[in-house]
Every structure is written in structure tokens, then in C-alpha cells.
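Visitor: Next up is a structure, given as C-alpha cells.
The values are calculated or read from the model by the stated rules, or taken from the named source; none is laboratory data. Just so we're clear, the structure is a prediction, and the values are computed from it rather than from any experiment. Quick reminder, even Gly has a Cβ in these numbers, built from the backbone with ideal geometry, and neighbours come from all protein chains shown. The protein model used for the area step is the full one, side chains on, heavy atoms only, and it has no ligands, DNA or RNA in it. Shrake-Rupley method; radii C 1.70, N 1.55, O 1.52, S 1.80 Å.
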Amino acid sequence: PPAESISLAEFESFAVDRLRLLKVVENLGVSYVRGGDAYKAKLESELRKLKFPYKALVEDDYDARRKDHISHFILRLAYCQSEELRRWFLQQEMDLFRYRFNELTDVLRQKFLDHVNLSFEAISEDLKNELANELYTSTPGLSMAKVKEQMFYKVGLSDAVDLFRARRVFIKDGFAFVPLKDIDAIVLNNYRKNLSKALALTARSLPSIQSDERLQPLLNHLSHSYVGPDYSVQKNTGKISLEHIDALSVKSFPLCMRQLHRALRDNHHLRHGGRMQYGLFLKGIGLTLEQALEFWKKEFIRGKVDADKFDKGYAYSIRHNYGKEGKRTDYTPYSCMKIIMSNPPSQGDYHGCPFRHSDPELLKQKLQAYKVPPSGITQILELVKGMHYQLACQKYFELTHDVDDVGFSLNHPNQYFAESQRILSGGREVKKEPTHLGNSQQKTNSQESVNSNSAPISSNTTADSELEGLEAYFTED
Ligand code: SF4
């Protein structure tokens, strides 16, 4: 692990950039063939953009390598906290490592193996020619021409157990002769084992790190972290009219919000978790405070809540969401990570992410009801099984908008909405609807425009802790 001192600002920005990188790795791994030309080109461009080393061991860019090293260890701290987080982090780091390892030249690959004490030594051309027949007959999938072309490594049997068991490798004098095409699997296995062990060890030292009040909120937030715009920007405020919400919920809402909207219309009520998740989403798509009050009240009084009870029990919390009560914090809509990772729904709740929190059979039925084609449903369920919930949602977007490639990496329900509107309006912003309510919303606090290159972690951390304080106002279910 790195031993130098760094500022908190650097700590945060390194971690956020690596998280962005790992998100891209996850996305590319699902959208492209790993190791294919498009995959490599896109990953290289992202590495350059985020200023990480893109040709490992070749460049002499100290800053990029330093950032690479430190950011990896910061995310270890943030992502060792649960089995689910560890698995996600391991998978993305492995894919990144595979890409980098395969990009190395033969000389650098050997240098790397020596450096990490994996004493796999490439055999000489003479020895390879001498053993060519044995190598050819013992290594499935290699023609004689390929045997001549490929490098072979002499590997101790304990490192090549899988190949040895599957009778896929030539053995002589206690060594396996492994072709280059299989060596990366051995190295990766080794890397997985070590990283997995390291994450378990890091998890044990967490209590001492968590007692550091500067790091604890940062690390906690990173593991739920969202690294795009926070959609607190009110640029669409007043551009949505209440009459259009039903139609919009079908066309442009992500599944989580469509589910909440349906439940609200059916039951004329939503419990606390649902009101928070849906209410802030609606605020993010442009509902003014006045519209929000009208929207929720109309629906609630159709159920068991009368107007007076609504005004006393619920209106306060809606004004609170808009920063008009209590600490006057202008709350930001929840990101996918926040929805996926925190506050799972229980019986009678409709909040959460259906890709993460619904039973697969129920999810399948829902998708069928929403006319998603069977082949698409299979793809979505596969992604869900692999725990790629946001990618499953992206697939749902593609299928419901009839596009082959969403062209963005989904991280936020409001981003889903904005992208959907962009496509449906032919590349333009949400159309301004004539509305008597107009744009009367005034921001009262500091969460003004935050663009995707900024790191909203600190501000969100504050908002998160304040949100917790807000729970008290929502005792009424
Ligand atoms: Fe909603 Fe995000 Fe889940 Fe999609 S992935 S359903 S936008 S929480």
C-alpha cells in the first residue's frame, strides 16, 4: 500500500476517478467482447481521459502511475465492506488488469512476472522447437503454426493445476509448459486470490479506519457513490405539467419510478421510502414545489387521507424536500447506487430498484406486461443474475426506446429520464408545456450547477447525513 501523505482533496478526486474508470470497465465488459478492438480502443481512451496510465509499464508518467496506485488502494478501503461490494470491485479490477496484462509486450510481460515473483520463465526458441510435437499434441486449440508463433512459459505445477487437471498442458520434469494464451488465466487467478485475500484483511482493519471522522464519511459515500451530475439543477423546473405525468411514466421513467408511479395511482398512497425516492425524482425532472404539493395531495385524498391530514402530516415533508423547511437543504434526487445499495424495500414498499430488489420471476412478469420482447427479457435477467443492475436497466432503456446502444452509462434515474426525453424529442430538451404554475421555484441553498466533471461527494455526504435527520419527519407511513 502507498505510504505517503496525501491531501483529502486528492484522496477524494483519485477515488472518484477510479470509480469512473471501473464503471466504464463494467460497461464495456457487457457491451463489447473483452479484448476486442472496440473494447481496447474505448478503454484506452477512457484511461487517457481520466489520466491513468494507458500503456502500463511503458510510459514514464509518474503522476499517472501514482494516481493509479493510490486510487486502487483507496477503493479497496471503500469496497471491502460487504461481500457484494467486494465482488463488484474484484470483477472490475480483474478486467482492468487483464486488459493491461494483455497489452504488454513479451519483454515487459516477462519483466512484470519477475517483478511480482511469479517465476514463469519463457522457454527459449530452441527448446520450443525441440518440444514442438509434444506441445502441439498436449495443448488443445493450438495448430503447429500457432505453437511456432506463441511463447510458452515454464510454470510450476501448483500454479497450473487447472490446466493439468483438464489435461490441457504439456508436463515435463515437474513443470507445465503453458502457452501465452493460457498464462493470463494463471496470472489473473493469482491476482484474484491475492486481491480477495487483501480485501478480507482490509475489512478487518476497517473499525480503526472508520473511527477517523475525516475518512469515514468519504469511504462510506464512495461505496454508494455516484459520479455524475446530481440533478439538483432546476433547469427544467416548471416545464412538466401534471397532466403529462401518466404518459411520461410509461415513456420516459425508469422501471423504479414507473413502479412507484403505478403504486401511487393504484393505492393513492406511498410509504416513506417511496415518497422520498419518487418525490425527489419528480423534483429533479422539473416539478415545482407547488406542483408537487398539488400532485401528492390530489392522489392522497383519493385514498384514506383527508385534505387536513395531508396538510398537517405530509405537506411539511414535501416542502422540506424542496428546502423550504428545517435546515433548508435542497435535497438531491437519489442516484442508482444509492437506491440499489441502501434502504432495501420491505413488504408494502415500492421503492428500491426492481432489477436489484424484485424477485426475478416477478421482474420477468413485469417486463412481459410492459411488452419487452422475450429475448430482451432473457438478456435482462442474465444481467441481473450477474448483478449488473444498472446495465440491466440500460438494456431495458434500449428495448423500450428501440435503440441499439444507449450511448451513455446509466447511473441515475433522472439521467434515464433526460436521455429518454432527448431521444423522444429528436435530440431536443424537454418541451416547455404551457402551465399556469410557471417557474416559481427559487433555490435557497448552494447546490447550484454541478457538472459531470465535478465530484459531488462532499456535498452529497452532507445531504445524506441531513437526510438521515429528516427521517424523523416521516414517521407517518
Ligand atoms: Fe432505477 Fe437505476 Fe434501478 Fe434503473 S438501475 S431501475 S434507474 S435505480
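Visitor: Would you mind working out the magnitude of the charge dipole of region 71-181 relative to its Cα centre, with +1 at each Lys and Arg C-beta and -1 at each Asp and Glu C-beta, to the nearest 20 Debye? Provide the component values of the computation, followed by the final result.
Guide: Numbers: 16 positive and 16 negative charges, 51 e Å.
It works out to roughly 240 debye.
Visitor: Moving to a separate point now. Looking at this model, which pairs from 283/312; 42/251; 366/395; 251/304; 67/111; 239/364 are more than 25 angstrom apart at the alpha-carbon? Walk me through the numbers on the way to the answer.
Guide: On the way: 283/312 21 Å; 42/251 30 Å; 366/395 15 Å; 251/304 29 Å; 67/111 22 Å; 239/364 34 Å.
From the list (283/312; 42/251; 366/395; 251/304; 67/111; 239/364), the Cα-Cα distance tops 25 Å for 42/251; 251/304; 239/364.
Visitor: Okay, moving on. Heavy-atom accessible area of residue 128 with all protein chains present, probe 1.4 Å, nearest 10 Å²?
Guide: 10 Å²
Visitor: If amide hydrogens are placed 1.01 Å from N in the peptide plane, which non-local residues have theirs closer than 5 Å to the one on residue 334?
Guide: For residue 334, the qualifying residues are 281.
Visitor: If you don't mind, there's one more thing I want to ask. If you place +1 on the Cβ of every Lys and Arg and -1 on the Cβ of every Asp and Glu, how big does the dipole about the Cα centre of region 4-157 come out, in debye to the nearest 20? Each step should come with its number before you reach the end.
Guide: Numbers: 24 positive and 26 negative charges, 83 e Å.
Roughly 400 debye, rounded to the nearest 20.
Visitor: Please calculate the 1.4 Å probe accessible area of residue 164, with all protein chains present, and give it to the nearest 10 Å².
Guide: About 100 Å², ignoring ligands and nucleic acids.
Visitor: Ignoring ligands and nucleic acids, what accessible area does residue 342 show with a 1.4 Å probe (Å², nearest 10)?
Guide: Spelled out: residue 342, probe radius 1.4 Å, area about 40 Å².
Visitor: Sticking with this structure for a sec: For a quick check: with amide H placed at 1.01 Å from N, whose amide H comes under 5 Å from residue 121's, ignoring anything fewer than 5 positions away on the same chain?
Guide: Amide H to amide H, under 5 Å and 5 or more residues apart or across chains, residue 121 pairs with 154.
Visitor: How many angstrom separate the Cα center of region 369-422 from the Cα center of region 1-76?
Guide: 26 Å
Visitor: Same structure, new question: With every protein chain left in place, what is the accessible area per residue of region 115-184 in square angstrom, probe 1.4 Å?
Guide: For region 115-184, the solvent-accessible area averages 58 Å² per residue.
Visitor: Continuing with the same structure: Around residue 397, with a cut-off of 11 angstrom between Cβ atoms, what is the net charge of the other residues, counting Lys and Arg +1 and Asp and Glu -1? Don't jump to the answer; show the numbers that get you there.
Guide: Numbers: positive: 395; negative: 398, 402, 405, 419.
Local charge sum for residue 397: -3.
Visitor: How high is the relative contact order of region 115-184, in percent, with contacts defined as C-alpha pairs under 8 Å that are six or more residues apart? Can you show the working numbers first?
Guide: Details: 81 pairs, mean separation 22.9, N = 70.
Relative contact order here is 33 percent.
Visitor: State, to one decimal in nm², a quarter of the convex hull surface area for the C-alpha atoms of region 115-184, i.e. the direction-averaged projected area. Don't jump to the answer; show the numbers that get you there.
Guide: Values: hull surface 18.3 nm².
Computing the convex hull of the Cα atoms and averaging its projections yields 4.6 nm².
Visitor: Please give the Cα centre distance for region 81-132 versus region 196-212, rounded to the nearest Å.
Guide: After rounding, the separation between the Cα centres reads 27 Å.
Visitor: Here is a further query. Using alpha-carbon pairs under 8 Å, 6+ residues apart, how would you state the relative contact order of region 324-397 in percent? Present the calculation step by step, with values, prior to reporting the outcome.
Guide: On the way: 45 pairs, mean separation 17.0, N = 74.
Relative contact order for region 324-397 comes out at 23 percent.
Visitor: Further question on the same structure: Normalise the Cα radius of gyration of region 1-41 by 2.2 N^0.38 Å (N = residues in it) and let me know the number.
Guide: Values: Rg = 14.5 Å, N = 41, 2.2 N^0.38 = 9.0 Å.
In units of the 2.2 N^0.38 Å rule of thumb, it is 1.60.
Visitor: Residues of region 364-423: accessible area per residue at 1.4 Å, in Å²?
Guide: Values: 2740 Å² over 60 residues.
Roughly 46 Å² per residue, with all protein chains present.
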